[in-house]
């Protein structure tokens, strides 16, 4: 075999190997997809509470914790730690925020106030409505199901948060 042929084969093998590495890197789980694509996606209602801030915990009159789980085709999506803390709009904290990536939401307001789930999604800047979440839309093959404490609801962004709620949002294939 000539050096040109051997060089050509090695070049082709190198290109294939690089392609495989790129393919493996790009086929990350749904969590990474949501995190990478959520920037600037929110286009739902503009909630006034999403623009209000607390400077510190000293201003808190109400503080409770609902829990939010999001699954895309069965893969759990991590909600980033510190969502709603030290943003362009708030030096301190938004009324709905996270401290870790567990799905535990911290809802803190100066006085008792009705805070809707859409407020958190607006703060997070992730699209959420009855027709989809992030870049995933309800279509002929997929649906979105939201449940609160095991009961299916259709309130989506208008759902009022309360302490201890277990909120599950699933984007799944239709049966």
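The table below lists the values:
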{"item": "Residues satisfying the stated conditions in region 43-76, i.e. within 19 Å of the chain's Cα centre (by Cα) and modelled with pLDDT of 95 or more", "result": "65, 66, 67, 68, 69, 70, 71, 72, 73, 74, 75, 76"}
{"item": "Selection from region 52-80 of residues that are touching a helix residue (DSSP H, G or I) at 6+ places or on another chain (Cβ under 9 Å) and within 17 Å of residue 157 (Cα to Cα)", "result": "66, 68, 70, 71, 79"}
{"item": "Yes/no for residue 79 being outside any loop (DSSP other than H, G, I, E, B), under 12 Å from the mean Cα position of the chain (by Cα), more than 16 Å from residue 53 (Cα to Cα) and at pLDDT 95 or above", "result": "no"}
{"item": "Residue ranges of strands (runs of 3 or more DSSP E) in region 92-154 with at least 3 members at pLDDT 95 or above and farther than 20 Å from residue 63 by Cα", "result": "142-148, 151-153"}
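The values are calculated or read from the model by the stated rules, or taken from the named source; none is laboratory data. As the structure is a computational prediction, the values presented were derived from the model and not from experiment. Cβ: placed from backbone, ideal geometry, glycine included. Neighbour counts: every protein chain shown.
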